[in-house]
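> Encoded as structure tokens, here's the structure I'll be asking about.
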Amino acid sequence: MGFTRSDWRLSIITAVAAAMAGIAYYAKLGGNVAPFVVAAIALALLASLVGRSVEALGDRLGAGATGVVQSALGNLPELFVVLFALKAKLYDVATATIVGSILANVLLVLGLAFLFGGIKHGRQTFGGEAARTMSMLMVLSVAALLVPSLTSALGSHASKAALHERTLSIVVSVLLLGLFVASLPASLRRQKAAPKADAADAADSADEAAESSEHSWPLALALAMLAITGVGAAFVSDWFVGALQPAIHTLGISEAFAGLVIVAIAGNAVENVVGIQLALKNQSDYALSVILQSPLQIALVVAPALVLLSPLVGASFTLVLSPLLIAVLIMSIVITVLVVLDGESNWLEGATLIVLYGIIATAFWWG
């Protein structure tokens with residue numbers, strides 16, 4: 001029980017990448033682009049280690065607590081990046097990152113899972129009830145996030161409402177976090193035992209359980225790794241944001257594109273590879289749950305937390321989005337719900353989601 005060879009390899013590579021990011025940032029090596037690229041790679045690797053630590057911690061605390069721990073701690077790198085972006089007054093990057101994190105999951109990652117899973121296994125099916133529950137939760141949480149934006153833009157007293165954007169954002173954030181807290185008892189309850197499987201399935205389950213037990217980390221090790229990777233993510237996030245603005249000017253991209261695509265992908269892409277791997281193993285239910293859980297966490301935990309924590313870095317973050325961000329967010333959520341509600345997927349649906357993500361990303365290249 002403890003570190004596997006792959007765990008050691010990932011830890012060493014992450015440490016080297018983080019050290020290189022620090023050297024490139026402080027020594028100003030590689031011009032404007034190289035420090036940004038190295039920091040992005042280090043951030044992605046740290047996000048992967050944070051996810052692995054959270055998974056191990058959840059394994060030690062019990063299956064029911066895994067989702068709770070993931071919700072609370074799994075998005076630490078992304079949280080740090082947005083906080084440092086707010087400290088640097090990069091408000092467009094911050095708001096675009098929140099929306100981009102949701103879009104990356106519901107379009108890009110889900111599309112890749114459907115595409116690769118469909119190519120390998122053909123039509124894949126998943127539990128219709130679970131898909132409906134996840135979809136409705138996602139719609140409701142995103143709808144709540146959009147209330148401040150819609151109030152400011154469409155309210156009958158829009159100019160007056162604009163004066164109270166911060167207050168409304170705080171109220172919405174507190175209520176969303178309250179909803180998350182209210183969901184904790186249900187999340188902590190142990191799941192019911194699965195129906196009896198046939199002999200082959202039982203043998204496979206036993207093998208997977210034995211492998212999981214063998215590769216799980218002791219509780220002290222999981223906590224220590226989470227603390228180390230959390231501190232590392234804070235430092236690398238600062239370097240990443242520091243290198244972001246020079247890279248934006250050199251590459252000729254907008255702050256909105258940087259947040260919507262680059263920062264969002266760097267913050268959670270490696271962790272979400274798990275969802276694609278599950279689809280390749282034809283475990284569609286688990287893949288859908290893993291992929292759709294992340295945008296729920298962004299809407300229910302990360303975005304509200306940023307509203308409440310932003311004064312600590314001298315910023316005033318609100319949930320008011322630009323009209324284009326509102327439009328693409330609504331469009332993406334509606335399309336995702338339509339795709340998953342039938343309880344099945346194929347490679348063409350995946351390709352369509354990926355193409356839509358590419359079109360949206362291109363639309364933000366200039367701002």
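> Residue by residue through the stretch 335-366, note down the ones that are of a type in the set (S, T, N, Q), in contact (Cβ under 8 Å) with a residue 24 or more places away in the chain and open to solvent by 10 Å² or more (accessible area, probe 1.4 Å).
Asn346, Thr352
> Restricting the stretch 79-136 to residues that are part of a loop (DSSP other than H, G, I, E, B) and of a type outside the set (A, V, I, L, M, F, W, C), which is farthest from Ser322 (Cα to Cα)?
Gly122
> OK, next. Determine which member of the set Ser332, Ser322 is over 18 Å from Gly122 (Cβ atoms) and crowded, with 18+ Cβ neighbours inside 10 Å.
Being over 18 Å from Gly122 (Cβ atoms) and crowded, with 18+ Cβ neighbours inside 10 Å holds for just one of Ser332, Ser322, which is Ser332.
> Let me ask another. Give me the pairs: first residue in the stretch 38-67 and at pLDDT below 85, second residue of a type in the set (Lys, Arg), beta-carbon distance under 6 Å, and six or more apart or on different chains, which are they?
So the pair list comes out as Gly64/Arg189; Gly64/Arg190.
> Name every residue in the stretch 126-154 that is open to solvent by 80 Å² or more (accessible area, probe 1.4 Å) and under 27 Å from Ser183 (Cα atoms), in order of residue number.
The answer is Glu129, Arg132, Met136, Leu137, Leu140.
> For the stretch 322-335, which positions are in contact with a Ser or Thr (Cβ under 8 Å, 6 or more places away or on another chain) and at pLDDT below 90?
Matches in the stretch 322-335: Ser322 only.
Results for (1) in contact with a Cys (Cβ under 7 Å, 6 or more places away or on another chain); (2) open to solvent by 50 Å² or more (accessible area, probe 1.4 Å); (3) under 12 Å from Val93 (Cβ atoms), shown as yes or no for each residue.
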| residue | (1), (2), (3) |
| --- | --- |
| Trp239 | no, no, no |
| Ala243 | no, no, no |
| Thr250 | no, yes, no |
| Ser254 | no, no, yes |
| Val263 | no, no, yes |
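> Please go through the stretch 1-57 and pick out each residue that is among the basic types (Lys, Arg) and more than 15 Å from Leu221 (Cβ to Cβ).
If the condition is that a residue be among the basic types (Lys, Arg) and more than 15 Å from Leu221 (Cβ to Cβ), then Arg5, Arg9, Lys28 are the ones that fit.
> On to the next question. Among the helices (runs of 4 or more DSSP H) contained in the stretch 233-345, which hold 2 or more residues that are among the β-branched types (Val, Ile, Thr) and touching a His at 6+ places or on another chain (Cβ under 9 Å)?
No helices (runs of 4 or more DSSP H) qualify here.
> Considering each residue of the stretch 340-364, count those that are at pLDDT below 90 and within 21 Å of the chain's Cα centre (by Cα), and give that number.
1
The values are calculated or read from the model by the stated rules, or taken from the named source; none is laboratory data. In this text, all values refer to a predicted model and were calculated from it rather than measured experimentally. All Cβ positions, glycine included, derive from the backbone under ideal geometry; neighbour counts span all protein chains shown. These area figures cover heavy atoms from the full protein model, side chains too; ligands, DNA and RNA do not enter into them. Shrake-Rupley method; radii C 1.70, N 1.55, O 1.52, S 1.80 Å.
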